[in-house]
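Worksheet: the structure to be examined is printed underneath.
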Amino acid sequence: MRVASPKFSNELRTMAMVWQRELIRFGRNRLRIFTSLSQPLLFLFVLGYGMSSLVGATAGFDFKKFLFPGIVAMTVVSTAIFSAISIVWDREFGFLREMLVAPVRRSSLVVGKTLGGATVAALQGTIMLVFAPLIGVRLTVPLVLQVVALELVMSIAITAFGVFVASRIARIEGFQVVMQLVLFPMLFLSGALFPLEGLPGWLTVLTRVNPLTYAVAPLRQVVFAAQHVPPIAAARFSSQVTVFGHVLSIWSELGVVVVFFMVFFLLAVQGLSKRQ
Amino acid sequence: MSAVNPRPVERGGGALVPSIEVEGLEKHFGSLVAVGGLTFSVQPGEVFAFLGPNGAGKSTSINILCTLAMPTSGKARVAGFDVVTHPGDVRRHIGLVFQEETLDDQLTAEENLRFHAVLYGLDKVQRKERIARVLELVQLTERSADLVSTFSGGMARRLEIARAMLHTPAVLFLDEPTIGLDPQTRSLVWDDVDTLRREEGVTIFLTTHYMEEAEIANRIAIIDHGLIVALDTPERLKASVGADTVDLQTNDNPAALSAIRAAGFHAEQGADKLTVFTENGESQVAHLVEIVGGGVTSVHVHRPNLDDVFLHFTGREIREQAGEAHSGMVRAWGHRR
Ligand SMILES: Nc1ncnc2c1ncn2[C@@H]1O[C@H](COP(=O)(O)OP(=O)(O)OP(=O)(O)O)[C@@H](O)[C@H]1O
Ligand SMILES: [Mg+2]
C-alpha cells in the first residue's frame, strides 16, 4: 500500500507522539501500575519462599534468587503484551480510526506503539528491581544498566508480537482468549519459573521452541554473572539454554529475539495496513 | 506545507476540480451489497448531504471515500485524488468526524488536538495557532486542559469537529454528527459547522437521519439500499413529489392504500398514516374520502416536506428508522472508558 509521505521528519514526530500518548496514559493510570505488579510479586514472594523451603539452598544459593530474574522477565512480558492490548481498545473505542486515516505510514504508528509499550514494560520491570535486596540479589550499576537494556530489547519484541495479535483480532474478548491460550503457556514454558536442564523430553522440546525462552535466559544470565554463584549452585539452578547439546551464548539468544521481533513487526504493519 | 493547501484545488488549466467525484461506486460484503453503484459529484464549497435509513450504505461510502475501505468496483476521487491509488494525498486533504466517537478520553482536549496536529504535519507555530483557533470556533477554549472523559456527549462531538478542521482540510466528512444529542446541542453543532463553512470555506459531506438537518445542505442525495433514489436541492426535491401532500388516517390503512392506488394516485403508507402525493390537494380531499369509502378519521393537507420526499422515494418513513439509530448511537457513545 502506497502512502506518499512528504517528509520523514514528520514520520519521526508521529512515532514520538504515539509513544508519548502511551506514556501519558500509563502515567494517568496509577491503578494499572499497581495491579500489574501484584501478580509478579505474588509469584516472587509466595512461590519464591514456598519453593525455597521445599528445595532448600545449595551453597547458600536458593530458589528465590533463581526465580527473581525470571519474575522480572515475566513482568516485562506481561506488561508489554497488555500495552499492545490498547490497540484493541483503540479499535473498540474508535481512536484507532483517527490514527489510521492520518496521512502517515502505518509502520510509524506501529513503531510508536511498540516503543511506547516497550518503555512502559521496561519501567515496570525496573520497578521490580526494588525488591532485589529483599530476595538477596545484589545489584550493581552496570547490572542495572544491562538489565534495563535487555528489558527494552525483550519488551520491544513482545510488544510487536502483541500489536500483531491485536491487529488481527477485532474484539477485547478475542484478546483475552489469545492471552489465556498463548501468553500464559508461553510464560510457563519460558524457563522463567524453573531451570531448563534435566527436563523430560517433551518439556525440553516445548521450552526450546518457545521464543520467550530466549528472552528470559539472557536476563537471568546477566543477573547471575553479577552474583556469587558457586559452581554446584550454578549446576543445580542452571541459567543456560542448551539446544542440541550446544550451550547458547547471550548473543545467539538475543539473535532469536531479534528475528522474532522482525517477523512480528512486519506482520503487525501488514495487519494494520489492510483495507476492508 | 501540503496540509494547508489553498482551496479550492485547481487542476491544470485552472478548471475547478470537484471536491468529490464518484462513479459507479460499489461495495460488497460477501453476498451483501452495501453500496450498489453510486455516481455523483460535489463541488468545492458545497454542503452535500446523504439522507438515508439505517444500513443504507452511508458510512460504508464514507469509509471508501476516506480510504479506510476498498471499493469493490467503481471510481472515487476526493480533492482530485483517486482514493485507491493515492490514499495518502486523499488523507492529507480531508477531515473526518466518524459516526462513532474517536477521541482518546484519557487525554485532555488539548492533547487530543496536539496528537492530531502532529500526525497531520503541522509545525509548532501552526499547531498552537490552529489549536487555539478551532477550540475557539467550538467554544471549548476553557475546557482545553480537561480530560475528555469529563466531557458531555455534545462537547465531545464538537471537539471532534474542531479536530477534523485542525489541519484545514479541503473536504470535511461528517457521519451523523448530531445523532444521540439533544436538540439544543444539535443546533450548537450546526452552528459550528456553519461557522466553519463561512470562515474556512470547506466543502462538507454529511450524512444524517434528521430531515431538518438535511435542509441545510445545498443538495441532498436520498440513499436507500446502497442506491441514490433522488438527488437535488431540498426545494426541488420537495417540488418533485407534487404540489401537495394529503395525510389520511383511516380505520384500515392497508385497504385504503390499495383503493387510493387503484384510483391512480401515488400514495405511500407511513407508520400511522397514508400519504397521497398530488397537485391541488385541497380539491382532491372529497374525492379521496369517497375512494376510501368511509372510515377516514383525519385529513391533513400540506406542502411536502423532506419527510414526504423520503416516503415518496423509498416507500418508508425515515422516522421509523430513527429510534433504532438512536439506540445504536447511545450504545456507541455509552462505550466511553
Ligand atoms: N464490515 C462489514 N462487514 C459486513 N457488512 C457490513 C460491514 N460494514 C457494513 N456492513 C453492512 O453494509 C450495510 C450498510 O452499512 P452502513 O454502515 O454503510 O449503513 P449506514 O447507512 O451508515 O447506516 P446507519 O444509519 O445505521 O449508520 C449494512 O447492511 C451493514 O450491515
Ligand atoms: Mg452509518
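A compact table of results
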{"item": "Odd one out for B:I94, checked against (1) at the interface with chain A (Cβ under 7 Å from one of its Cβ atoms); (2) under 19 Å from the mean Cα position of the chain (by Cα)", "result": "(1)"}
{"item": "Single unsatisfied condition, A:S155 versus (1) under 29 Å from A:V110 (Cβ atoms); (2) open to solvent by 40 Å² or more (accessible area, probe 1.4 Å)", "result": "(2)"}
{"item": "Where B:V33 falls short, out of the listed (1) surrounded by 20 or more Cβ atoms within 10 Å (Cβ to Cβ); (2) within 14 Å of ligand 1 (Cβ to nearest atom); (3) of a type in the set (A, V, I, L, M)", "result": "(1)"}
{"item": "The listed residue being modelled with pLDDT of 90 or more, open to solvent by 20 Å² or more (accessible area, probe 1.4 Å) and in a helix (DSSP H, G or I), out of A:L134, A:L143", "result": "A:L134"}
{"item": "Where A:S107 falls short, out of the listed (1) of a type in the set (S, T, N, Q); (2) within 14 Å of another protein chain (Cβ to nearest Cβ); (3) surrounded by 23 or more Cβ atoms within 10 Å (Cβ to Cβ)", "result": "(3)"}
{"item": "Cross-chain or 6+ apart pairs with Cβ under 7 Å, segment B:137-166 first and in contact (Cβ under 8 Å) with a residue 24 or more places away in the chain, then assigned to a helix (DSSP H, G or I) and among the acidic types (D, E)", "result": "B:L137/B:D192; B:V138/B:D192; B:S144/B:E110; B:A145/B:E110; B:R158/B:D192; B:I161/B:D192; B:M165/B:E200"}
{"item": "Residue match in segment B:293-302 (condition: modelled with pLDDT under 90 and open to solvent by less than 20 Å² (accessible area, probe 1.4 Å))", "result": "no"}
{"item": "When residues of segment B:176-185 are limited to those that are open to solvent by 30 Å² or more (accessible area, probe 1.4 Å) and away from ligand 1 (no atom under 16 Å from the Cβ), the one nearest to the other protein chains (Cβ to nearest Cβ)", "result": "B:D182"}
{"item": "Residue, nearest to ligand 1 (Cβ to nearest atom), within segment B:38-73, restricted to residues that are farther than 22 Å from B:T208 by Cβ and open to solvent by less than 40 Å² (accessible area, probe 1.4 Å)", "result": "B:P71"}
{"item": "Scan of segment A:229-259 for residues that are part of a loop (DSSP other than H, G, I, E, B) and touching a residue at least 12 places away in the same chain (Cβ under 8 Å), ordered by number", "result": "A:V229, A:P230, A:F237, A:S238, A:S239, A:Q240, A:V241, A:L248"}
{"item": "Residues of segment B:40-63 satisfying the condition of being more than 13 Å from ligand 2 (Cβ to nearest atom) and either within 14 Å of chain A (Cβ to nearest Cβ) or assigned to a strand (DSSP E or B) (or both)", "result": "B:F40, B:S41, B:V42, B:V47, B:F48, B:A49"}
{"item": "Positions within segment B:27-39 being more than 14 Å from chain A (Cβ to nearest Cβ) and in contact (Cβ under 8 Å) with a residue 40 or more places away in the chain, in sequence order", "result": "B:V33, B:G36, B:G37, B:L38, B:T39"}
{"item": "Residues within segment B:74-99 that are within 22 Å of B:I222 (Cβ to Cβ), open to solvent by less than 10 Å² (accessible area, probe 1.4 Å) and more than 16 Å from ligand 2 (Cβ to nearest atom), tallied", "result": "2"}
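Conditions (1) at positive phi; (2) of a type outside the set (S, T, Y); (3) free of Cβ contacts under 8 Å to residues at least 12 places away in the same chain; (4) away from chain B (no Cβ under 13 Å), marked per residue:
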{"residue": "A:A16", "(1), (2), (3), (4)": "no, yes, no, no"}
{"residue": "A:F34", "(1), (2), (3), (4)": "no, yes, yes, yes"}
{"residue": "A:V55", "(1), (2), (3), (4)": "no, yes, yes, yes"}
{"residue": "A:F68", "(1), (2), (3), (4)": "no, yes, no, yes"}
{"residue": "A:A84", "(1), (2), (3), (4)": "no, yes, no, yes"}
{"residue": "A:I87", "(1), (2), (3), (4)": "no, yes, no, no"}
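Listed here are the residues, each with its yes/no results for (1) more than 12 Å from every other protein chain (Cβ to nearest Cβ); (2) open to solvent by less than 20 Å² (accessible area, probe 1.4 Å).
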{"site": "B:E110", "(1), (2)": "no, no"}
{"site": "B:L113", "(1), (2)": "no, yes"}
{"site": "B:G121", "(1), (2)": "no, yes"}
{"site": "B:V125", "(1), (2)": "yes, no"}
{"site": "B:V134", "(1), (2)": "yes, yes"}
{"site": "B:V138", "(1), (2)": "yes, yes"}
{"site": "B:S149", "(1), (2)": "no, no"}
{"site": "B:R157", "(1), (2)": "yes, yes"}
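The values are calculated or read from the model by the stated rules, or taken from the named source; none is laboratory data. Keep in mind that this is a model prediction, so the values were computed, not measured. A quick note on method: Cβ atoms are made from the backbone with ideal geometry, for glycine too, and the neighbour counts reach across all protein chains shown. Accessible surface is based on the protein model in full, side chains and every heavy atom, while ligands, DNA and RNA are left aside. Shrake-Rupley method; radii C 1.70, N 1.55, O 1.52, S 1.80 Å.
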